[in-house]
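Everything below concerns the one structure shown next.
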Amino acid sequence: MQPSTPQHSAPELTKLTYLEAVVQAQLEEMERDDRVILMGEDLNVYGGGKLFERFDRNRIWNTPISEGSFTGLGIGAAITGLRPIVDLGIASFVYLAADQIINQASKLHYMTGGQVHVPIVFRSTMYYGASIAAQHSDRPYPMFLNVPGLKILSPTTPADAKGLIKAAVRDDNPVIIFEDMRLWGMKAAVPADANYLVPIGKADIRVPGNDVTVVAIAGAMRAALEAAKALSAEGLSVEVIDPRTLKPLDIETIMNSVARTGRLVLVENAHRIANLSSEIAATLAEEAFGSLKKPIVRLTAPDVHVPFSPVLEKILFPEAAQIVAAVKRLV
Amino acid sequence: MTLTMQLRLEAYRRMLRIRRFEEEGTRLFREGTIPGAYHSSIGQEATIVGACLTLRDDDFMTGTHRSHGHPIGKGAELDGLMAELMGRQTGICKGRGGSMHLADNRVGIIGESAIVGGGIPLATGVGLSIRVRRTDQVCLCFFGDGAVNQGTFHESLNMASLWKLPVIYLCENNGYAVVTPLEGSHGQPSIAKRADAYGMPGVALDGQDVGAVFEATSEAVIRARSGEGPTLIEAKTYRFDEHNVGLLIPGAPYRAPEEIDEYRTRRDPVMLLRKALFDDGVRASELESIEAEVDAAVRGAVRFAEGSPLPDPAGVYEDLFTRS
């Protein structure tokens with residue numbers, strides 16, 4: 001699957017926020033393909049409001065508060081000819097749907113020996129840093145990394161949000177997308193092409209550099225870019241990599257970068273134990289140990305729940321200053 | 001709609017196919033040819049076949065961990081099913097599913113879920129898909145009495161009723177969730193009564209009577225096809241063997257030997273149907289010819305499975321993802 005951006009003329013671009021790009025991607029896919037339906041809670045009012053006005057009730061299913069089962073309805077519909085987008089809203093609610101996502105969606109193609117196909121997209125948004133406490137503030141993607149048969153995406157730019165969501169809808173396998181509320185307001189150029197796709201499984205080098213490699217995941221990208229800018233002013237060249245697809249992970253791009261820099265800082269807002277940084281660090285220790293000139297640094301949320309009070313929550317997630325300090329320790 | 005004589009003979013053929021398949025399977029499991037755990041449908045044949053006979057070839061179905069009877073009831077070939085139980089490459093699921101997952105998509109089965117209650121949302125989603133695609137198909141959803149206590153049952157039946165989806169919820173109530181009797185786990189022991197709470201019809205019937213199952217399911221199918229929505233059917237049935245064959249139950253027996261004996265000798269659905277057919281004038285030679293045909297098919301399936309290759313370990317990653 002290749003981006004269909006014309007090679008010889010500049011693509012037409014529009015400025016969109018991350019959230020607008022998410023809506024546009026779904027709208028375009030629903031217009032392109034009648035089999036694409038949307039399911040989720042309060043879709044008549046929130047998020048997809050624009051979509052609700054455009055399509056009839058057969059395309060947008062405003063569900064009861066039954067995440068554990070409407071997710072399964074989407075899977076049954078996917079197996080019998082539709083391509084549902086299941087909107088689970090806040091990422092903490094994905095736990096309610098996890099049985100159907102893991103035990104049915106991820107396994108059925110394999111367990112039936114390829115007899116059934118499950119072309120479905122699960123969407124959710126990671127809310128945190130908003131004083132809504134632990135039951136609304138999860139970043140649960142690491143738990144799904146341990147599930148075979150799922151593709152996991154987390155775009156960090158409006159263009160990638162559009163291109164990856166569209167690629168997910170066109171994929172014949174179950175794909176789970178963790179969007180990040182911290183990025184919703186970010187505005188940037190997005191290709192207007194209704195067939196603009198970002199390939200699943202390909203990382204993006206957001207900032208090229210030579211001294212230290214920084215891999216930042218989801219909302220942690222904001223702090224990483226801020227840190228890269230500050231360090232650049234001090235004459236340090238940081239390469240910032242955005243995996244975009246968390247699984248299957250483009251480890252090649254990360255290893256190629258570390259082969260040049262010899263130094264690696266991993267930044268993410270998930271909890272520290274067995275997260276994506278753990279997996280990247282372990283893989284590099286196994287396969288690229290010789291490239292490393294310094295120990296790998298992981299900057300993550302600690303192993304404690306997200307507290308309500310803003311003064312307590314603020315200290316949980318890595319900020320630019322910590323990334324700057326980590327990079328300086330390595331050079 | 002009542003069973004015609006032609007359909008009663010077909011019911012006998014399919015019920016016997018399940019019975020003989022399970023008898024051979026049990027033997028092969030006990031001798032070690034079939035690995036894992038064996039979940040026999042013996043005793044529940046009338047419920048399965050009575051419901052399946054109401055469906056068209058293009059209708060859908062979901063089932064449970066007790067999965068061998070469902071595809072046979074819907075008309076599947078036996079070879080791939082037996083090969084699957086033996087973990088062969090020619091198995092219906094290429095040796096990736098086994099006893100709890102004999103799903104044959106060629107007869108419309110989209111999955112046999114060994115997560116109790118896990119198939120109920122899938123079947124409901126099939127109903128939603130039928131609605132979106134504007135066909136007059138239906139989905140028959142099998143589950144057991146244990147599954148009724150899962151949240152998926154409540155959530156799914158609510159949505160099916162809300163949106164009038166073409167789904168038939170068929171509870172194979174065999175009285176026991178593994179070893180826990182129904183009265184030990186259901187605050188409301190009438191499963192059919194629960195339908196009231198969701199605004200759909202609920203029917204309780206004798207699941208050992210293939211005609212009764214056929215009639216009630218036919219009505220539910222007509223209702224579903226005409227856009228009037230789902231029905232809950234509680235078929236009271238019985239499994240003759242343990243939850244899985246050879247399961248060791250410590251302590252006192254959870255079922256009275258008299259109860260098992262009563263079902264085996266007086267409420268055996270295959271025996272009941274054979275006797276009724278004979279009493280209604282079907283010649284013994286006609287029944288014997290069905291029996292010979294079924295025996296040959298089951299023997300053929302065992303030969304096919306035993307002669308099939310085991311999967312190549314190099315292929316273990318195949319079908320993890322669809323190649324699109």
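We did not get these values from a lab; they are worked out from the coordinates using the rules stated. Here the structure is a predicted model, which means the values were calculated and not measured. Because the Cβ atoms are built from the backbone with ideal geometry, glycine has one as well, and the counts that use them run over all protein chains shown.
Note on A:E287 and A:N146: the extension gain reaches 48.8 nm, defined as 0.36 nm multiplied by sequence separation minus the Cα-Cα distance.
Between B:E306 and B:R27, the distance separating the two model label sites (each 7 Å from Cα on the Cα→Cβ line) works out to 1.0 nm. Summarising the amide proton neighbourhood of A:G89: residues at separation of 5 or more, or on other chains, whose placed amide H is nearer than 5 Å comprise A:T125. Pick from B:D209, B:D196, B:D241: which is most flexible by mean-square fluctuation in a GNM of chain B where alpha carbon atoms under 10 Å apart are linked? The residue that fluctuates most here is B:D196.
Bridge orientation summary for chain B: considering DSSP beta bridges with both residues in this region, about 10 percent are antiparallel. Candidate cross-link partners of A:K294 among the lysines, defined by an alpha-carbon separation under 16 Å and a same-chain spacing of 8 or more, comprise A:K328. Of B:D279, B:D295, B:D59, which is the most mobile in a GNM of chain B whose springs link Cα atoms less than 10 angstrom apart? Maximum among the listed residues: B:D279. Since only B:A147, B:Y263, A:L164 are under comparison, the one whose Cα sits farthest along the positive direction of the charge dipole of the protein assembly as shown, derived from C-beta charges on Lys, Arg, Asp and Glu, is A:L164.
Note on chain B: with charges restricted to the Cβ of Lys and Arg (+1) and Asp and Glu (-1), its dipole about the Cα centre is near 620 debye. Rounded to the nearest whole Hz, the Karplus-based 3J(HN,Hα) values (6.51 cos²θ - 1.76 cosθ + 1.60, θ = phi - 60°) of the range B:99-106 follow the sequence 3, 8, 9, 7, 9, 10, 5, 5, with x at glycine and proline.
Shown for B:H70, B:H154: other C-beta atoms within 10 Å of each C-beta, ranked fewest to most, produce the order B:H154, B:H70. Name the shape class, rounded, prolate or oblate, that the alpha-carbon gyration tensor gives for chain B, where a ≥ b ≥ c are the square roots of its eigenvalues, rounded holds for a/c under 1.5, and otherwise prolate holds if a/b is larger than b/c and oblate otherwise. Here chain B falls in the rounded category.
In this calculation the C-beta distance from B:M271 to B:S226 is compared with R0 = 30 Å, giving a FRET efficiency of 0.25.
Among DSSP beta bridges whose residues both lie in the protein assembly as shown, state the antiparallel percentage, nearest 5. Close to 15 percent. For B:N149 and A:I251, the FRET efficiency from 1/(1 + (r/R0)^6), where r spans their Cβ atoms and R0 equals 35 Å, is about 0.20. Going by the alpha-carbon gyration tensor, a ≥ b ≥ c the square roots of its eigenvalues, is the protein assembly as shown rounded (a/c under 1.5) or, if a/c is not under 1.5, prolate (a/b greater than b/c) versus oblate? The shape class here is prolate. Taking other Cβ atoms within 10 Å as a rough exposure proxy, B:S40, A:S232, B:S156 sort from fewest to most as A:S232, B:S40, B:S156. Restricting the count to DSSP beta bridges whose residues both fall in the range A:13-191, what percent are antiparallel, rounded to a multiple of 5? Here the antiparallel bridges make up roughly 20 percent for the range A:13-191. Listed from fewest to most Cβ neighbours within 10 Å, the set A:L19, A:L73, B:L165 follows the order A:L19, B:L165, A:L73. Compute log10 of I(q)/I(0) for the range A:204-330 with the Debye formula, placing one identical point scatterer on every Cα and leaving out solvent, at q = 0.21 Å⁻¹, to two decimals. The calculated log intensity ratios at q = 0.21 Å⁻¹ are -1.22. Remark: the B:A37-B:E291 segment gains 88.7 nm on full extension, using 0.36 nm per residue and subtracting the alpha carbon distance. Look at the Cα gyration tensor of the range B:52-115: its axes a ≥ b ≥ c give a/c of at least 1.5 with a/b over b/c, and that counts as prolate. What you get for the protein assembly as shown, charging only the Cβ of Lys and Arg (+1) and of Asp and Glu (-1), is a dipole of about 1420 debye around the Cα centre. Set the Förster radius R0 to 35 Å, insert the Cβ-Cβ distance between A:D56 and A:N195 as r into 1/(1 + (r/R0)^6), and round the FRET efficiency to 0.05. The computed FRET efficiency comes out at 0.90.
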